[in-house]
1. Considering the Cα trace of the stretch 30-161, what is its radius of gyration and what is Dmax, both in angstroms?
2. Mind sorting 65, 46, 73, 17 by how few other Cβ atoms lie within 10 Å of their own Cβ, fewest first?
3. Relative contact order for the stretch 56-145 using alpha-carbon pairs under 8 Å, separation at least 6, rounded to a whole percent?
């Protein structure tokens, strides 16, 4: 369960100019080292550049070619969402249909798109995923080359930037990166298991907690001794 009050308290302290949270003792941010150790996804690789203009025609063509759906079905989904996105419910329908028909590449693309749309590439609605991310899986043989850690971090930073706008009422990105409190396990990503629980305070509670933070309350080298498989990189302390 994402604690919206906790996220709001942190978002209030986000500064776009420095891409960091301004706290009483200085600045802190979510780093690539955090993403690597918490999620165990690669932080090295090639950067993904999505198509510049994902319009209705490109969306339908991608549906037909990469997901294996019929033209009329693709057109209906595009009209329903009024833009270049897929609903998670529609992706589930496509997944099981392609699985039954033995079209395994289309099945895998559908599954992977749903997976990243629910996690590292989640948008504000948490009900749809952008069509542009389908092109991450256009060639399944090379989709492992992408620098998935930076992709996740860039998306989260972008949503934190937008959260500072007065009209913004929601935030996207992989918000679980704010809230991981699991014990480190050397052979597994630290967020390998997730258990929902009731939130513990309102926004005033979290604001007061952040206001009271001092440098002595911070673990500056998280998991350094406990998790030898993913040693903390001291270069992360410097800019």
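No value in this document is a laboratory result; all are computed from the given coordinates. Predicted model, so just to flag it, every value in this text is computed and none were measured. Here the Cβ positions follow ideal geometry from the backbone for every residue, glycine too, while neighbour counts run over all protein chains shown.
1. 14.9, 45
2. 17, 46, 65, 73
3. Worked out over the stretch 56-145, it gives 27 percent.
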